[in-house]
Structures are given as C-alpha cells and as structure tokens.
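Right, one structure below, let's go through it.
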Amino acid sequence: MSYTENLKFKCAQCKNCCCLKGGVVLLSKTDLEKLCKWAELTKEQFTEVYCRKLENADRKTYLCLKDKNKTECIFWNKEKGCEAYNARPVQCRTYPFWTKIIESKSSWEAEKNFCPGINEGNEIPQEEVCVQLKLYEENKKHLIIV
C-alpha cells in the first residue's frame, strides 16, 4: 500500500535531486535511447562520454550517469539547470513519486528534509501519482545491467 492521497508537490528548483553527494541515476534501455537521440550520439559514444558502471547492493553492475565533482549530475548546468531536461531519465522525471518515498506518510514527510518542494504547491491528483509510481516501477525492470 502506498501513501498517494493528498500529496502536494511543486519543484522548488533547489537542485538537491541533481546535485547531492551519493545520488545515482540508473539508466534503462529507454532512457539510454532517448538520451542518445538528444545528444545525437551512438550508444557506444554516449556511454563512453556520459556513463559509468556501478555495482549496486544486489551485486549487479548497472549503467548509470557520471557525475561532476562527485556531487552534480553530469547534465547539471549552474546557469541553465538540466541540459538534458527533455530527455531526462525516468528516475529524474518521476521524482519524488518513488516507492520508498510514498510508502507511508512518514517517509513522505521525511523526504521534505531533502526536497523543499514536498508539501508545497497544489495537490497532485492521486491518479497522476499512481501513473508516476507505475512508470518508475516499470522502468526499474528494464535497467541496463552490464
């Protein structure tokens, strides 16, 4: 069961989700295809320039985006924001409607410590929250294992 009712969210443009130490953006096949098209690069070229491998807690090695200075997403631009905004990965597009964040009211409230946009702005329709959650969960099934 998820906590999906009466959620308010408005992105505060704080960049915390893009620029904090320890953040990792895992890529799915669809993410990689969209990013390659956006960058006008082959998968091999894109992977060489923008990606790295990461062994996760499940002992599998995933393809993820590189970071700058171990804190900023490789696509973060201090003046422009996300340079790949229109092609950004599902993980980025669906935040903060991730399973671990909306599993309970307390986990949603705890995320407010990280994201000032939580509980701000208009209420997000429950149907939209569920769509984002489903998209996030479905995408996880197609992460690239290298």
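Does residue 60 satisfy the criteria of being touching a strand residue (DSSP E or B) at 6+ places or on another chain (Cβ under 8 Å), under 16 Å from residue 140 (Cβ atoms), surrounded by fewer than 18 Cβ atoms within 10 Å (Cβ to Cβ) and in contact (Cβ under 8 Å) with a residue 40 or more places away in the chain?
When the stated conditions are applied, residue 60 passes them.
Looking at (1) part of a helix (DSSP H, G or I); (2) over 21 Å from residue 146 (Cα atoms), find the lone condition where residue 31 falls short.
Among (1) part of a helix (DSSP H, G or I); (2) over 21 Å from residue 146 (Cα atoms), the lone unmet condition for residue 31 is (2).
For residue 6, only one of the following conditions fails: (1) touching a Lys or Arg at 6+ places or on another chain (Cβ under 7 Å); (2) closer than 18 Å to residue 117 by Cβ. What is its number?
Checking residue 6 against (1) touching a Lys or Arg at 6+ places or on another chain (Cβ under 7 Å); (2) closer than 18 Å to residue 117 by Cβ, the one that fails is (1).
If I ask for residues that are closer than 17 Å to residue 116 by Cα and touching a strand residue (DSSP E or B) at 6+ places or on another chain (Cβ under 7 Å), which ones from region 16-53 would you list?
Residues satisfying the conditions are 18, 19.
Does at least one position in region 91-105 carry a residue that is farther than 15 Å from residue 27 by Cα and not in a loop (DSSP other than H, G, I, E, B)?
Checked against the condition, which is being farther than 15 Å from residue 27 by Cα and not in a loop (DSSP other than H, G, I, E, B), region 91-105 yields at least one hit.
Looking at region 67-86, can you tell me whether even one residue there is in contact with a helix residue (DSSP H, G or I) (Cβ under 6 Å, 6 or more places away or on another chain), outside any loop (DSSP other than H, G, I, E, B) and free of Cβ contacts under 8 Å to residues at least 60 places away in the same chain?
no
Give all pairs with beta carbons closer than 6 Å in which a residue from region 94-121 that is surrounded by 19 or more Cβ atoms within 10 Å (Cβ to Cβ) meets a residue that is acidic (Asp, Glu); count only pairs at least 6 apart in sequence or on separate chains.
96/111; 101/111; 118/111
Among 29, 43, 10, which is surrounded by 12 or more Cβ atoms within 10 Å (Cβ to Cβ) and within 21 Å of residue 110 (Cβ to Cβ)?
Only one candidate passes the filter, namely 10.
Every read-out reported here was derived from the displayed coordinates using simple, explicitly stated rules and does not represent laboratory data. None of these values were measured; they are calculated from a predicted model. Here the Cβ is made from the backbone with ideal geometry for all residues, glycine too, and neighbour counts use every protein chain on show.
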